[in-house]
Structures are given as C-alpha cells and as structure tokens.
Amino acid sequence: MRVRIAPCPTGDGAHIGLARTALFNWLFARRHGGAFVLRVDDTDRQRNVDEALAPILDGFRWLGMDWDEGPEVGGDHGPYFQSERGEHYAAAVDALLAAGAAYRDYSTPEELAEERQAAQAEGERFIYSLRWQAGTDDDAARFEAEGRRGVVRLEMPREGSCRFTDHVRGEVEFEWAREQDHVIQRADGSVLYNLASVVDDHLMEISHVIRAEEHLSNTPRQIFVFEALGYPLPEFAHLPAVAEPGSKTKLSKRKLDKYLKNPDFSKLYEHGLAIAEAIGLETTPETFNPVVVDFYREVGYLPDALVNYLLLLGWSLDDKTEILDRETMFEHFSLERVGKASASFDPLKLLSFQEHYMRRLSEDETVAMVAPYLVAAGLVEEGAAPETRVRAIVRAAGDRLVVAGDILEYAEFFVDDAALAYDEAAFDKRLRQPEEAAGLLAAYRERLAATEPWTVASLEASLRDFVEERGLKLGAVIHALRVAVTGKSVGFGMFEILEILGREACLARIDRALARV
C-alpha cells in the first residue's frame, strides 16, 4: 500500500481540508503497514517554494503525521518536487503524441471562445473543431510561421464512457463525450496537473489515490492518460468535502469575513485573536485564519484534539465513539467507513475535543505547555518563568485553561503591582459607586495584613469573620477586593488569588486602588 499527499505551496499553511486528506492517507498507510509519500506540486515557480512549503510541513509535523518519503527524508522514488521532474513529464508527452492519444494545437483562447459561443448559440455541447490541430510537422511549422504558439492536448474519446470503482463513491461513470480535449502541456513546455499527477503516481508506485472530491472530475481524463501510457491503474477514493459551518459549501480560507458572521466561528476566532495579539503574531486574514492548521498551533491547541476532530469529518467508527487515540485509529481506519456527504466544520465541536484533551494533561504537562506563552507575551523572561506561580495558577484555573494561550488571561500575576491595569467599568462599579466600598476595603485591609498563615483556608476564614462581624454579605467586600488586586471583576477563586500573589503584593495593590478612589 502506497499513498500520497501532494500539497501546492501557497504560503498560507495547511488548510483544514488538506490536513484532513493528509490524515486519511497517513492513517490508511499506517493501518496497512504501507508508505505515506509527500510530494510537492511546485510547478508554479513564481512562488518562493521554500518559504511557502515550510508552514505546510510544520503543520503536518505538529499534527504528528510523519511521511515515509518526501522532502527532508528522501526516498527511492524522488525527486519529490514536481519542478525537478520535467524530464519524466516530457517523455510522457512524447509517448502520448506518438500513440495518437494527444496532439499539438495552435488555437488561441479567442478562437476557442468564439467556437464555444457558437455552440452555445445553437444549443449544442461545445466540441473543439480541431481546426488548428497540427497533424504533421509541416502543419506545426506553418502555424508557428503565423506567430502561433502550440500546446499539447489530449485527444479524448467521443463515444462510450469511463467507468471505475471508487472506495467512497462506489461505481462511478462519466460519458466520454462530455470531456474536452484537455491541455496537458503549455506553450512554454511546462505541464499541467492531470499529466504530472499521473506520471508521478505511476513512477512513485502509488497504489491508492485518496483525495478530495473536487478531484473526482479529473479522474476520467487521468484514467485516459494512465491507459494511453500503458500504466496500471491505482485505486481511487474521493473524500467528502470539509464544508463551511452549517453548510454544504466547501470551506475556504478566502471567506473569513463570511464565516465571522457565524457566532460560533466568530467566538473561536476572537478567542484565538486575543492570544495572538498578546504574543505579537501577525493577524491578517492571510496569516491568521481558523481555516488553517497554524491557527490552532499558534494559540495553544493540542494536536491530538485537532487530529481526533479531523478524523470525524467524514469518517466514523460507530454511532457512539468519538474519542479515539492514535493506536485505535491505526487499528480501525478504513475507507469503507468514509461517508459520501460533506462534513460541516463545527467550531464548538472542535473546542469540545480540545477541552477533553486538555483535561487529560498532567499538571506538569500543562505548566510546560503554557509557560512559552508568558515568555512570548513579555510577561516573564526566557528561561525565568516562575514555575511555582505558574503551577499554582494552572491548578487554580483548572478547566478555565482551554488552550495553552489562555494563561495570558492571568497576566495580572506577572506584572509589577504599580503597573496593574484596571478594567475601568469594573473599578467604577465595585470601588467608586458603592459609597461604603472603599471604607470597607480599607478596614479589611488591616485584617488582611494580620492574617496568619497566608493560606487559602485562613484567608477565607479571615474575610468571612470580617463580614459576619458587620452583618454583611461576602459580596460587600469580595468584589471590591478582586478588582483591587487583579484589576478585573472575574477570575478563579478569590482566596487562591490572594495566596498566589502573596501578602506584600496584595496589600500594595489594595493601597494603590484606595489611593485611586
């Protein structure tokens, strides 16, 4: 079993749909003890391939999808960049011409458009007249003397149909009459996808072509090339599309503005955006997009959560099982369990997987995962993260830490007391508007200063005794206290906050807040 993924490096990273297709190929290879090949469709040399490819490879590596052959690992079927395989493509073009399965054509786009419009006017299907076909070298010389530049087209059948069995779609049939004579080589000698893909799949001995359903229409023309060149056919499986939230339309990284109108998608994006901006990432739609794998890596998702979620976009083990570790995936993955219907991207479902996998981490693992975000945000110096404090915050925050970047919601624990920022609306509501708030906080400040030991239990007892003596409810003091020491009106337990900050910091912050009032 040999399968492949062939990304086109665009510089935008690995699209969610590409990652899902790569995952299915990778799992199929691992399930059958086969090879997962990564080759690069870089025939567009106007792009900087090295810079554009790196985010895709980084995304695959982060997800844990190791390739057996391809860039950086080599293999016996290289080179693995299509830009380096020109001699193979040229030989295939010559073979197709010699077999009469292709021809040189010197028509212009304008002339073809005129023929197409004439067919439409007559209500007929457009079939190229072959008026500018060069059947001989003399024909080619004559056309070239007119200043025309020739391409090579496939000479497709006009009768019968192409039938094949697809592991997902079942029996598939295309009428040959609906196929145009597709260009396989441009005038500059470069080749197009349908030829390059067939030649590479053959020479790399790909046994199963597992790809997105958008390529289903390419299959008959590729089968024609396989057979015309005398190549054995691989088996095909066309995966359902990864669709927009609540839709059947293919998910696209170009439609971020549209997706942000979806409340769940917008929540996912805004959550990640706050983290990205805090650590200084570029956040343009081209560089920071939930449709791209890098989004999740950068804000602190777990790769296992994304892999588990991607697996269920079009595949299922049964009607109940959702959480699957990789060994279970390797054991049970099969193309027969892939559905035909498009799978809608659900931000809330993905977040639920992340929450599940985050809860499975040990405290040590969580501390190690969140610490780099404090460094990236400039809250602590490289190599100087206060582990005891970080560990205490992790323990107190508990399930509030959904992604690693959420540690930045607790920046107040890492800033100087004199630099603590206040939520002004909360400060007014809790410390300025209630006439008694400042006085009660000042009185409690003296009780707090004398509290021993400085532990959650004794701090809680101290405040409860204070309000009971005055016939007050806990909220009469605790809300003002929270804003004074954290600058915010929300957070985890107040007494855990006091213990973590320590006596000196808490008293200094209360004094600063009272002076501000």
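Out of all the residues in the stretch 99-116, is one or more at pLDDT 95 or above, touching an Asp or Glu at 6+ places or on another chain (Cβ under 7 Å), surrounded by 15 or more Cβ atoms within 10 Å (Cβ to Cβ) and in a loop (DSSP other than H, G, I, E, B)? Yes: the stretch 99-116 contains one or more residues that are at pLDDT 95 or above, touching an Asp or Glu at 6+ places or on another chain (Cβ under 7 Å), surrounded by 15 or more Cβ atoms within 10 Å (Cβ to Cβ) and in a loop (DSSP other than H, G, I, E, B).
Are there any pairs with C-beta distances below 7 angstrom linking a residue in the stretch 449-463 that is among the polar types (S, T, N, Q) to a residue that is in a helix (DSSP H, G or I), with the two at least 6 apart or on different chains, and if so which? From residues that are among the polar types (S, T, N, Q), the pairs are 451/458; 451/459; 451/462; 455/499; 462/447; 462/448.
Within the stretch 466-517, which residues are part of a loop (DSSP other than H, G, I, E, B), more than 23 Å from residue 453 (Cα to Cα) and among the hydrophobic types (A, V, I, L, M, F, W, C)? 472, 490, 517 - these are the residues of the stretch 466-517 that are part of a loop (DSSP other than H, G, I, E, B), more than 23 Å from residue 453 (Cα to Cα) and among the hydrophobic types (A, V, I, L, M, F, W, C).
Please work out which residue is farthest from residue 502 (Cα to Cα), limiting yourself to the stretch 467-484 and to residues that are open to solvent by less than 10 Å² (accessible area, probe 1.4 Å) and touching a residue at least 40 places away in the same chain (Cβ under 8 Å).
Taking the stretch 467-484 first, the residues open to solvent by less than 10 Å² (accessible area, probe 1.4 Å) are 467, 477, 480-481, 483-484.
The next check asks that each one be touching a residue at least 40 places away in the same chain (Cβ under 8 Å); those that pass are 480-481, 483-484.
Details: 480: 18, 481: 14, 483: 16, 484: 14 Å.
The extreme case among them is 480.
Within the stretch 160-210, the set of residues being under 29 Å from residue 30 (Cα atoms), of a type outside the set (Val, Ile, Thr), open to solvent by less than 40 Å² (accessible area, probe 1.4 Å) and part of a loop (DSSP other than H, G, I, E, B) comprises 204, 207. If the condition is being in contact with a strand residue (DSSP E or B) (Cβ under 8 Å, 6 or more places away or on another chain), over 23 Å from residue 12 (Cβ atoms) and either among the polar types (S, T, N, Q) or surrounded by 17 or more Cβ atoms within 10 Å (Cβ to Cβ) (or both), then the stretch 229-248 contributes 234, 236, 237, 238.
Here's a check for you: in the stretch 323-342, which residue that is part of a loop (DSSP other than H, G, I, E, B) and without any contact (Cβ under 8 Å) to a residue 40 or more places away in the chain is surrounded by the most Cβ atoms within 10 Å (Cβ to Cβ)? Reasoning before the result, please.
Residues of the stretch 323-342 that are part of a loop (DSSP other than H, G, I, E, B), as a first pass: 323-325, 333-334, 339-342.
Checking which are without any contact (Cβ under 8 Å) to a residue 40 or more places away in the chain leaves us with 323-325.
Values: 323: 13, 324: 18, 325: 11.
Among them, the one singled out is 324.
Inspection of the stretch 226-249 finds a residue satisfying the criterion of being polar (S, T, N, Q), at pLDDT below 95 and out of contact with any Cys (no Cβ under 9 Å at 6 or more places or on another chain). For the stretch 249-291, the set of residues classified as in contact with a Leu (Cβ under 7 Å, 6 or more places away or on another chain), among the β-branched types (Val, Ile, Thr) and open to solvent by 20 Å² or more (accessible area, probe 1.4 Å) consists of 283 only.
Among 504, 496, which is the only one that is touching a residue at least 24 places away in the same chain (Cβ under 8 Å) and touching a helix residue (DSSP H, G or I) at 6+ places or on another chain (Cβ under 9 Å)?
Answer to the selection: 496.
Residues in the stretch 5-43 that are out of contact with any strand residue (DSSP E or B) (no Cβ under 8 Å at 6 or more places or on another chain) and over 20 Å from residue 193 (Cβ atoms) were compared, and the one that is surrounded by the fewest Cβ atoms within 10 Å (Cβ to Cβ) is 33.
Based on what the data block shows, is residue 160 of a type in the set (Gly, Ala, Ser) and touching a residue at least 24 places away in the same chain (Cβ under 8 Å)? Talk me through it step by step, then tell me what you get.
Details: of a type in the set (Gly, Ala, Ser): yes; touching a residue at least 24 places away in the same chain (Cβ under 8 Å): no.
Taking the combined requirement at face value, the residue does not satisfy it.
In this structure, does residue 131 turn out to be over 30 Å from residue 9 (Cβ atoms), modelled with pLDDT under 95 and not hydroxyl-bearing (Ser, Thr, Tyr)? The answer is yes for residue 131. If you filter the stretch 417-464 down to residues that are among the basic types (Lys, Arg) and open to solvent by 60 Å² or more (accessible area, probe 1.4 Å), you find that the one that is farthest from residue 485 (Cα to Cα) is 464. Is at least one residue of the stretch 304-320 of a type outside the set (Ser, Thr, Tyr), under 30 Å from residue 374 (Cβ atoms) and open to solvent by 50 Å² or more (accessible area, probe 1.4 Å)? Checked the stretch 304-320: at least one residue is of a type outside the set (Ser, Thr, Tyr), under 30 Å from residue 374 (Cβ atoms) and open to solvent by 50 Å² or more (accessible area, probe 1.4 Å).
The values are calculated or read from the model by the stated rules, or taken from the named source; none is laboratory data. Quick caveat: nothing in here was measured; it's all calculated off a predicted structure. So basically every Cβ, Gly included, is an ideal-geometry build from the backbone, and we count neighbours across all protein chains shown. We work out accessible area using only protein heavy atoms, side chains counted, and drop any ligands, DNA or RNA first. Shrake-Rupley method; radii C 1.70, N 1.55, O 1.52, S 1.80 Å.
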